[in-house]
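Below is one structure, written out as structure tokens, with a few remarks after it.
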Amino acid sequence: EKGGYDHFMLKEIHEQPDAVKKTLMELQDIKEMVENFPKFNRICFVACGTSYHASLVGKYLFEGLVGIPTDVLLASEFEFSAGALDEKTLAIFISQSGETADTLRALRMANETAQTLAIVNVLGSTATREADHVIYTRAGPEIGVAATKTYVSQLTCICLLALSMAGEEKLLEDIQHVPDHMKLALEAEDQIREIAKKYKDAEDFFFIGRGYSYPTAMEGALKLKEITYIHGEGYAAGELKHGPLALIDDDVPVVAVVPPGDSHDKTLGNLQEVKARGASVIALGSSDDEVLKSEAHEMIEFSGELNEVLSPIVYVVPLQLLSYHMSVERGIDPDKPKNLAKCVTVE
Ligand code: M6R
């Protein structure tokens, strides 16, 4: 049932191009839903864990392309902000399982005032029965505790929704090619296994990115903590010098997410700052980016043109593989990390 892979997590990582293809088939339904939407003056995403990171990408999309003020709330913190919702708010609940206790509690509170939309993977789950609107991510069942293919499907769904609301037809064409970009990204696996072997004994990692790449950095750090038990921090690259730079020395590898686009040059500058303090830099960027290549100690390359807006769906792939291989190298079962459950049904 693991389809020849050693673990469900690895199988699910490799299923990601197909998972995204299936999510893309929701486009027509999403467009119809959007046509029937009233005019919203605020979006509020609510989620936990990896689903929260997908929501963070949603904020950049909705504010940057649709132009609607957008908040992203942790479901466990929702009650402290619930009073600010009204009938012109679209509250979007992101959940793989549709059963996470904090998310369901927040959904029930939001249902009292706002319009609610659940973006969920598990068919017929509680969230899908209680929200006003539902979009399925259609990634197929995910067995590994670490969310992988459901994350990229969530990102795809959120992109389809935001791009439809923004009328961004060119990006809606471009997103059709994302599964091909993901297939290329998976080809770096042998290189990533070697990087994993080299850094598996590090005690702390930093992951940095700006804008669309900041949630990718946070998700990379969460995967690391969850399945390798190594401390990882995802940080907005521009915030490093406001404190955590004091922690950087030659024992701390820094993973820098630096796709081409608006944030590229500034993140490159931050990368140079950590390098100057002795950090080993593992950079993720375009295969055409000679400057980045010359600065990084390890460079994971992405070929082909990809709009920065869509880059989170592709750039997370090597970070999942990095944590997976470090986990295996450290003798951990990545499918069953200690203290964690696939679905968190207590608040
Ligand atoms: O089922 P949900 O998406 O509501 O679950 C939320 C989190 O518990 C989940 O994403 C968790 O963070 C993952 N196991 C991380 O890989």
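Results, tabulated for the structure shown:
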{"item": "Only listed residue being among the hydroxyl-bearing types (Ser, Thr, Tyr) and over 21 Å from Leu322 (Cα atoms), chosen from Ser263, Ser286", "result": "Ser263"}
{"item": "For Pro17: the one exception among (1) away from the ligand (no atom under 16 Å from the Cβ); (2) in contact with a strand residue (DSSP E or B) (Cβ under 7 Å, 6 or more places away or on another chain); (3) under 25 Å from His181 (Cβ atoms); (4) not small (Gly, Ala, Ser)", "result": "(2)"}
{"item": "Any chance Gln115 is within 28 Å of Glu15 (Cα to Cα), surrounded by fewer than 21 Cβ atoms within 10 Å (Cβ to Cβ) and more than 16 Å from the ligand (Cβ to nearest atom)", "result": "no"}
{"item": "Residue count for segment 184-194, restricted to those that are surrounded by fewer than 22 Cβ atoms within 10 Å (Cβ to Cβ) and either in contact (Cβ under 8 Å) with a residue 60 or more places away in the chain or touching a helix residue (DSSP H, G or I) at 6+ places or on another chain (Cβ under 7 Å) (or both)", "result": "6"}
{"item": "Tally of residues being assigned to a loop (DSSP other than H, G, I, E, B) and among the aromatic types (Phe, Trp, Tyr) across segment 291-347", "result": "0"}
{"item": "Residue that is among the β-branched types (Val, Ile, Thr), more than 16 Å from the ligand (Cβ to nearest atom) and modelled with pLDDT of 95 or more, where the choices are Ile195, Ile158", "result": "Ile195"}
{"item": "Selection status of Val145, touching a Lys or Arg at 6+ places or on another chain (Cβ under 7 Å), near the ligand (Cβ under 9 Å from one of its atoms) and among the aliphatic types (A, V, I, L, M)", "result": "yes"}
{"item": "Segment 43-91, residues that are crowded, with 24+ Cβ neighbours inside 10 Å, more than 13 Å from the ligand (Cβ to nearest atom) and either hydroxyl-bearing (Ser, Thr, Tyr) or under 17 Å from the mean Cα position of the chain (by Cα) (or both)", "result": "Val57, Gly58, Leu61, Phe62"}
{"item": "Qualifying residues in segment 118-142 (those that are within 12 Å of the ligand (Cβ to nearest atom) and touching a residue at least 60 places away in the same chain (Cβ under 8 Å)) - the one nearest to Asp18 (Cα to Cα)", "result": "Ala139"}
{"item": "Residue, farthest from Asp102 (Cα to Cα), within segment 324-347, restricted to residues that are surrounded by 15 or more Cβ atoms within 10 Å (Cβ to Cβ) and either near the ligand (Cβ under 10 Å from one of its atoms) or free of Cβ contacts under 8 Å to residues at least 60 places away in the same chain (or both)", "result": "Pro337"}
{"item": "Contacts under 7 angstrom Cβ, first residue in segment 222-233 being within 13 Å of the ligand (Cβ to nearest atom), partner at pLDDT below 95 and not hydrophobic (A, V, I, L, M, F, W, C), 6 or more apart", "result": "Glu226/Pro337; Ile227/Pro337"}
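The values are calculated or read from the model by the stated rules, or taken from the named source; none is laboratory data. Just so it is clear, the model here is predicted, and its values are computed rather than measured. Note that we place each Cβ from the backbone using ideal geometry, even for glycine, and neighbour counts take in every protein chain shown.
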